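Data first, discussion second: the structure below is written as structure tokens.
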Amino acid sequence: MKFFADTAEIADIKELAATGLLDGVTTNPSLIAKSGRDFMEVTREICAIVDGPVSAEVVALDHEGMMREAEVLRKLADNVCIKVPLTIDGLKTCKALTGDGTMVNVTLCFSANQALLAAKAGASFISPFIGRHDDNGFDGMDLIRDIRLIYDNYNFQTEILAASIRHGVHVLECARIGADVMTAPPAVIKGLFKHVLTDKGIEGFLADWAKTGQTI
Ligand code: E4P
């Protein structure tokens, strides 16, 4: 499973990229607003840090407007992935852009039927939002499971990019189901490294090592 960081914070992206485990980045208008940075400038910077896809979202709601914005965004770097909402105009834009060889991430997916439409529109990635689905009384994991089944039934090449991930159990379940990618906030990704018994184990080994008086 590929790991994307869901953030526009440069320091966090650099830290995660240095582990060698970061495969891409997703941003959205809320994350850009939170960063306080200029959209174009920060997106260009992120694209230079990671080799993989960096999702940059359009804000126009009509097809022509989305195409115009995508044109500006895709000039930023070769690894820009245009993010469009799951609407009729969004999927029309998806079809046009992917037909042209541009990566497209279709976002704000809340049903398996929507994911089916995105795959038919040739999306590179579909982003089902697990946490927001859970928040509204549905099981976000059922959504991932259904999309996996449908995509495998028809051998769709669209990658399932599990989004709106809130904790490690979401990551684990996505890996069990076979999501292709998961995008999570840096804190969630960093949390995956942690285990109380790992810390305790290191502490114990170091204490015993000190007793030997040796060095390596
Ligand atoms: C995905 O691309 C979105 O940016 C993101 O995962 C949304 O997550 P949230 O529901 O935590 O805002």
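Each reported figure results from applying straightforward, stated rules to the coordinates on display, with no laboratory input. Because the structure is a prediction, the values reported are computed rather than measured. Neighbour counts are summed over all protein chains in view; Cβ atoms, including those assigned to glycine, are modelled from backbone coordinates with ideal geometry.
Calculated on C-alpha atoms, the gyration radius of the stretch 1-106 divided by its Kirkwood radius gives an Rg/Rh of 0.96. The tail of the calculated P(r) for the stretch 82-162, taken as Cα-Cα distances beyond 15 Å, holds 48 percent of the pairs.
Counting alpha carbon pairs within less than 8 Å and at least 6 residues apart, what relative contact order, in whole percent, applies to the chain? Before the final figure, lay out the partial values.
Values: 372 pairs, mean separation 36.8, N = 216.
About 17 percent, as a whole number.
Here the spin labels are modelled as points 7 Å beyond Cα on the Cα-Cβ line, and at SER30 and ASP199 they lie 2.9 nm apart. Between ASP38 and VAL169, the simple spin-label model (points 7 angstrom out along Cα→Cβ) gives 4.4 nm. Summarised as an ellipsoid, the chain has semi-axes of 35, 22, 14 Å, derived from the eigenvalues of the Cα gyration tensor scaled by 5 and square-rooted, with the largest first.
In the stretch 1-43, the ratio of gyration radius to Kirkwood radius, Rg to Rh, stands at 0.98 when only Cα atoms are counted.
Counting only lysines at least 8 places from LYS194 when in the same chain, those with an alpha carbon closer than 30 Å to its own are LYS2, LYS14, LYS34, LYS211.
Based on DSSP H runs of at least 4 residues, each adding -39500 (n - 2.57), what is the mean residue ellipticity at 222 nm of the chain after dividing by all its residues, to the nearest 500 deg cm²/dmol? Can you show the working numbers first?
Details: 11 runs with 114 residues, N = 216.
Rounded to the nearest 500, it is -15500 deg cm²/dmol.
What are the chymotrypsin sites (Phe, Trp or Tyr not before Pro) within the stretch 131-216 that DSSP puts in a loop, where the Cβ has at most 11 other Cβ atoms within 10 Å? Taking the stretch 131-216 and a limit of 11 other Cβ atoms within 10 Å, the loop chymotrypsin sites (Phe, Trp or Tyr not before Pro) found are PHE193.
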